[in-house]
1. Considering region B:49-66 alone, what residues qualify as being over 19 Å from residue B:14 (Cβ atoms) and either more than 16 Å from ligand 1 (Cβ to nearest atom) or more than 10 Å from every other protein chain (Cβ to nearest Cβ) (or both)?
2. Looking at this structure, is residue A:238 under 24 Å from residue B:164 (Cβ atoms) and open to solvent by less than 10 Å² (accessible area, probe 1.4 Å)?
3. State the number of residues belonging to region A:367-404 that are without any contact (Cβ under 8 Å) to a residue 24 or more places away in the chain and within 18 Å of residue A:415 (Cβ to Cβ).
4. Being within 19 Å of residue A:64 (Cα to Cα) and in the same structural domain as residue A:203 (by TED's automatic domain parsing) is true for just one of A:105, A:109, A:119, A:164. Which residue is that?
5. From the residues in region A:222-235 that are in contact (Cβ under 8 Å) with a residue 60 or more places away in the chain and open to solvent by 20 Å² or more (accessible area, probe 1.4 Å), which one is farthest from the other protein chains (Cβ to nearest Cβ)?
6. State which residue is nearest to the other protein chains (Cβ to nearest Cβ) when the search covers only region B:67-123 and only residues that are among the hydroxyl-bearing types (Ser, Thr, Tyr) and assigned to a loop (DSSP other than H, G, I, E, B).
7. Taking residue B:128 as meeting all but one of (1) at the interface with chain A (Cβ under 9 Å from one of its Cβ atoms); (2) small (Gly, Ala, Ser); (3) touching a helix residue (DSSP H, G or I) at 6+ places or on another chain (Cβ under 7 Å); (4) within 26 Å of residue B:182 (Cα to Cα), write down the number of the exception.
8. If only one of A:261, A:302, A:273 is out of contact with any Phe, Trp or Tyr (no Cβ under 7 Å at 6 or more places or on another chain) and away from chain B (no Cβ under 14 Å), which one is it?
Amino acid sequence: MTRAVRTPTALDDVDPQRRVRNAALTLVALGLGIVALWALQSVGSTKLTQALALFAIWGVATVSLNLVNGTLGILSLGHHGFMLIGGYTTGLLILSEEARGRIESSARSTMTDETLAISVANLLRGLGLDGLTTPETLWVRFLIAIFLGGLVAAVAGLIVGFPSLRLRGDYLAIVTFGFGEIIRLSASTRVFAPLTNGALGFPGIESEFGKSVWWTFGFLAFTVFVVSKLKYSSYGRAMQGIREDEVAAEAMGVNVAYHKILGFVISAFFAGIAGGLWVSWLGGVRLDFFLFQLTFFFLVAISVGGTGSITGVLLGTALVVFVRQYGDPLEETYALRTWAMAGGVLLLVASAALLGFRTLRRLRPRVTPAVLAVAALALVVLLVAAANPAFLDGSFRGFGMRAIFLSVLLIVIMIFRPEGMLGRAEFSWAGLLRERRSEPTDEERRQDAWLSNPALNADADHARVDAAPDAADAGDARTDREGGR
Amino acid sequence: MAMLEVEHLRKSFGGLTATNDVSFRVDEGEIVSIIGPNGAGKSTIFNLITGVYRPDAGDIRFEGRSIVGKKPNEIVDLGIARTFQNLRLFMYLSVLENVLVSQHHKMRSTWLSAVLRTPAYRRQERAARELASEKLAFFGPRLMSFRLNQPVLVLSYANRRRTEMARAMATGAKLLLLDEPSAGMNPKETAEITQIIRRMRDEGGYTIVLVEHKMNLVGEISDRVVVLDYGQKIAEGDYHTVVNDPKVVEAYLGKKAETDEGAGAGPRETRT
Ligand SMILES: Nc1ncnc2c1ncn2[C@@H]1O[C@H](COP(=O)(O)OP(=O)(O)OP(=O)(O)O)[C@@H](O)[C@H]1O
Ligand SMILES: [Mg+2]
């Protein structure tokens with residue numbers, strides 16, 4: 001131990017002085033973040049601004065999805081359904097008068113006069129707040145609409161939450177998937193078509209919020225605030241208890257049903273918010289904006305980043321959004337020879353990465369047949385490509401290559417780091433400044449010494465001999481290793 | 001006054017009657033041990049009392065009121081907490097967090113106040129942490145300092161048992177059901193846990209029912225011992241009466257009870 005570190009107690013795991021410093025650092029970092037965001041969106045291209053906004057919108061979705069998937073430990077596959085509800089609600093509520101007029105005059109529209117009259121503007125007019133129905137106050141109406149969208153989605157979350165009380169694991173995952181699809185498919189049925197305009201949807205949603213980094217990052221900050229405060233509160237601990245062992249949580253007084261439903265409702269609320277931002281980003285509402293693929297992207301993001309960590313989830317989201325927004329070169333048409341070359345290089349990188357991984361983990365032997373085989377395959381592919389044989393003459397369009405790329409990334413992460421890139425580690429200043437304690441202090445070693453000191457503990461040797469694989473009596477034998485963590 | 005009354009309790013799994021017409025009572029401030037050979041139905045009784053299983057017949061009364069049919073978490077609210085024979089800790093949560101989860105049911109603030117960290121919420125959180133260290137302190141300093149923030153996953157088996165006992169104590173229960181608290185502990189640690197259980201009663205004010213196979217532990221701290229065999233109660237009384245009861249000796253050693261060295265003739269230590 002080089003640095004004097006305080007022994008943590010149950011009361012405060014962070015030293016009060018450090019807490020002040022951390023708060024100051026956080027403020028500075030937030031300030032820098034805002035400046036950076038401002039610089040990026042004023043200097044950068046529209047494409048970059050759009051990508052940043054999309055990151056924030058999907059961040060709202062992934063962080064909220066992870067409240068159920070990561071904190072509560074329930075695999076939920078219906079997030080796109082909640083987003084759809086939020087998106088359609090927001091869309092309907094803020095649709096402009098011109099857009100309503102166009103829908104009304106369209107012959108194929110399935111909306112009625114009553115449903116076309118549903119809007120925040122009419123609601124405010126009804127309340128006598130005409131001042132809030134001007135074009136300048138659109139943002140107020142957008143805020144109201146997106147909040148209501150979240151609420152409607154939360155009600156759906158309440159309904160979807162109920163099966164989670166009876167079903168476990170895979171069965172529940174299938175049910176949530178089913179609910180997501182039911183929501184999507186029923187939106188175009190006769191019952192809901194007057195509200196959703198059937199297959200046509202609503203074109204012409206205002207984009208000024210969904211494409212603004214300020215609005216989207218504002219909502220992301222709000223989401224991260226609520227979800228992280230919840231996760232690291234007594235309620236979040238209870239939810240994690242349910243994830244770890246439902247029977248034990250119940251036996252320790254946790255009301256399992258209440259906390260599961262609570263998780264689903266809050267998660268669905270933020271999914272609804274994300275849906276509202278998403279339709280604004282897209283500039284319209286249509287059924288095919290809410291395919292299961294959306295949930296798939298979110299799942300990749302949270303699994304790659306780490307389901308145990310909100311920071312990790314955001315990192316994963318950034319990666320997925322980057323691939324989605326900047327991955328178009330992957331989907332273009334190239335000569336087969338180019339594809340072969342790229343494949344060869346990729347394989348070469350893979351074998352090098354495998355070697356690096358084994359070195360890092362100190363696995364022996366370092367060079368396994370797998371490493372050699374992948375490298376050999378890479379060389380063969382590269383040589384063939386270089387020889388330029390006739391069968392490589394055509395060209396190939398990498399249609400869907402982005403999704404394939406993300407899927408492969410997911411598989412690789414699941415094999416080599418199943419807990420995700422960040423695992424359970426959350427970003428913290430103490431972590432960044434390497435103040436985390438990994439070793440007990442000398443004092444603590446002394447406190448612990450009675451366990452390994454034969455004079456104090458006559459049975460220590462006996463226990464070491466006895467340390468059978470069934471772990472009975474293994475307490476002392478394992479103490480040294482345990483202390484080293 | 002009787003704290004816990006179990007009357008004519010019966011539970012079958014298919015054709016197997018795991019608990020067959022068992023009655024006993026536990027008074028406030030007592031330490032009562034339930035012993036019996038493997039598969040005698042000891043853990044099943046705990047599962048019935050804590051609401052994990054529903055009895056087929058019979059009644060369980062806690063402080064005079066029947067608790068049959070209540071959910072496990074409602075039974076904790078009433079004041080009964082347990083540990084598990086095969087340890088059911090929250091593996092990826094830290095020692096401290098484990099002992100905090102079991103206090104969550106006492107939380108009076110809503111989730112919204114928790115998100116907003118209102119003064120009332122902070123006060124309760126602080127009180128919970130104080131109580132957690134108070135309960136962990138029963139086991140000496142070993143769980144108190146650097147182990148506090150370690151995931152339970154890295155703890156030794158004995159420390160996991162201790163954490164689980166602290167977790168049960170922190171629920172605020174008056175009655176603790178301990179299922180083999182010394183399993184996986186060496187003789188020195190067993191002697192220590194024996195004293196700790198006694199202190200849990202004397203200083204902590206808990207009433208304790210324990211299931212145990214280690215007879216020296218049972219003999220040292222039990223006010224009364226209930227012996228089960230094949231789901232039935234075959235004897236009850238103080239330790240010496242019970243271990244010398246021919247029925248008990250027969251249950252443990254079989255019909256042809258071999259005579260051996262005097263007092264040790266009673267139940268032998270067995271292990272699951
Ligand atoms: N959920 C269950 N389903 C079917 N049978 C069960 C169940 N739980 C317990 N049993 C059976 O009931 C009998 C009593 O089990 P129990 O776990 O209560 O024994 P025990 O006295 O605690 O034994 P041990 O000393 O081994 O812990 C056993 O035969 C067991 O197989
Ligand atoms: Mg048992």
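The values are calculated or read from the model by the stated rules, or taken from the named source; none is laboratory data. Quick caveat: nothing in here was measured; it's all calculated off a predicted structure. Because the Cβ atoms are built from the backbone with ideal geometry, glycine has one as well, and the counts that use them run over all protein chains shown. Ligands, DNA and RNA are excluded from the accessible area calculation, which covers all protein heavy atoms including side chains. Shrake-Rupley method; radii C 1.70, N 1.55, O 1.52, S 1.80 Å.
1. B:49, B:59, B:60, B:61, B:62, B:63, B:64, B:65, B:66
2. Working: under 24 Å from residue B:164 (Cβ atoms): yes; open to solvent by less than 10 Å² (accessible area, probe 1.4 Å): yes.
Yes, satisfied.
3. Summing the residues that are without any contact (Cβ under 8 Å) to a residue 24 or more places away in the chain and within 18 Å of residue A:415 (Cβ to Cβ) in region A:367-404 gives 6.
4. Numbers: A:105 fails: within 19 Å of residue A:64 (Cα to Cα); A:109 fails: within 19 Å of residue A:64 (Cα to Cα); A:119 fails: within 19 Å of residue A:64 (Cα to Cα).
Only one candidate qualifies: A:164.
5. The residue in question is A:224.
6. Of region B:67-123, the ones among the hydroxyl-bearing types (Ser, Thr, Tyr) are B:83, B:92, B:94, B:102, B:109-110, B:113, B:118, B:121.
Imposing the further condition that a residue be assigned to a loop (DSSP other than H, G, I, E, B) reduces the set to B:83, B:92, B:102, B:109-110, B:118.
Working: B:83: 9, B:92: 6, B:102: 4, B:109: 8, B:110: 9, B:118: 11 Å.
That would be B:102.
7. (4)
8. Working: A:261 fails: away from chain B (no Cβ under 14 Å); A:273 fails: out of contact with any Phe, Trp or Tyr (no Cβ under 7 Å at 6 or more places or on another chain).
Residue meeting the stated conditions: A:302.
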